Amino acid sequence: AQSVSQHNHHVILSEAASLELGCNYSYGGTVNLFWYVQYPGQHLQLLLKYFSGDPLVKGIKGFEAEFIKSKFSFNLRKPSVQWSDTAEYFCAVNAMNTGFQKLVFGTGTRLLVSP
Amino acid sequence: GAGVSQTPSNKVTEKGKYVELRCDPISGHTALYWYRQSLGQGPEFLIYFQGTGAADDSGLPNDRFFAVRPEGSVSTLKIQRTERGDSAVYLCASSLQGAPGETQYFGPGTRLLVL
């Protein structure tokens with residue numbers, strides 16, 4: 001079945017550590033890829049997205065993600081995390097064969113950054 | 001308004017009762033989406049509206065769930081004969097046109113608890 005996998009359910013880091021959150025998807029064909037973030041007590045908001053062009057995408061707050069088509073991956077990275085990055089992170093995909101409107105989400109990764 | 005709004009923010013009901021959840025999208029957005037997020041999971045697609053019509057309702061779990069958007073703006077998700085398994089956060093999102101790669105903007109959600 002078509003799906004989105006996030007390998008890490010919980011990640012704990014110290015401030016200034018580097019972050020990489022994995023995301024793999026199983027859709028063939030053309031895809032759009034998203035990372036959403038949910039800070040404590042807030043609603044889901046877009047961190048970054050890949051639509052076309054440069055597979056290295058830069059988003060808000062110093063986050064970036066790289067689309068590697070051969071690996072069906074879209075991993076999220078940040079070189080140096082801050083306490084304020086504590087949140088839940090969701091990878092999402094929409095695909096040509098699902099009409100491009102439906103977002104399919106992974107199960108999320110809870111990141112805790114200790115000061 | 002400035003963002004997507006949803007009412008009520010919380011709803012507690014008894015098994016077997018009928019509930020209505022409301023979504024007010026960003027002004028001018030023609031595309032509207034409903035998702036459901038259960039504990040420990042990512043959001044799961046329910047239905048997508050383009051204007052007044054439901055363009056994709058493939059995510060509605062059964063015929064107890066129904067959604068409308070009669071004037072192409074506000075949408076109501078209706079759940080009949082609620083069951084305990086319907087307990088979840090119901091999220092609404094909107095986007096400008098529903099085009100590929102478009103960002104979906106999420107509301108704060110309605111937390112539904114069925115006793």
Using a Förster distance of 41 Å, the FRET efficiency for residue A:52-residue B:14 (Cβ separation, nearest 0.05):
0.25
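Which whole number gives the average count of other chain Cβ atoms within 10 Å of the Cβ atoms across peptide A:100-109?
Numbers: counts 5, 14, 10, 10, 5, 7, 2, 3, 5, 0.
The mean count of partner-chain Cβ atoms within 10 Å per residue comes to 6.
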At a Förster radius of 45 Å, what calculated FRET efficiency corresponds to the Cβ-Cβ distance of residue B:81 and residue A:112, to the nearest 0.05?
0.70
For the stretch B:1-45, count the residues as N, evaluate 2.2 N^0.38 Å, and divide the Cα radius of gyration by that value, please.
1.39
With a 1.4 Å probe on protein heavy atoms only, tell me which residues of the stretch A:19-47 lose at least 30 Å² of accessible surface in the complex relative to the chain by itself.
A:36, A:43, A:44
Sparsely packed GluC sites (Glu not before Pro) within the stretch B:4-71, loop by DSSP, other Cβ within 10 Å at most 15:
B:14, B:71
HN-Hα J couplings of the stretch A:8-21 from phi, Karplus 6.51/-1.76/1.60, θ = phi - 60°, integer Hz, Gly and Pro as x?
9, 8, 9, 10, 10, 9, 8, 3, 6, 6, 8, 10, 9, 10
Sticking with the crude label model, points 7 Å out along Cα→Cβ, report the distance from residue B:74 to residue A:18 in nm, one decimal please.
5.2 nm
Provide the net charge surrounding residue A:23, with neighbours chosen by a C-beta distance below 15 Å and charges set as Lys +1, Arg +1, Asp -1, Glu -1.
+2
The stretch A:1-71: GluC sites (Glu not before Pro) falling in loop per DSSP and having at most 14 other Cβ within 10 Å
A:15
What total accessible surface area, summed over both chains, is buried at the interface between chains A and B, computed with a 1.4 Å probe and given in Å² to the nearest 100?
1600 Å²
Accessible area per residue for chain B in Å², computed with a 1.4 Å probe and the full protein assembly in place, what is it?
47 Å²
Quick one: the Cα spread of the stretch A:1-87 along its three principal axes, in angstroms, biggest first?
38, 27, 23
Can you tell me what percent of all Cα-Cα pairs in the stretch B:1-113 are more than 19 Å apart?
39 percent
Considering the Cα positions of the protein assembly as shown, please state its Rg to one decimal place and its Dmax as a whole number of Å.
17.6, 51
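The values are calculated or read from the model by the stated rules, or taken from the named source; none is laboratory data. From a predicted model like this one, the values you see are computed outputs, not experimental measurements. With ideal geometry, Cβ positions are generated from the backbone for all residues, glycine too; neighbour counts draw on all protein chains shown. All accessible areas refer to the heavy atoms of the entire protein, side chains included, with ligands and DNA or RNA removed. Shrake-Rupley method; radii C 1.70, N 1.55, O 1.52, S 1.80 Å.
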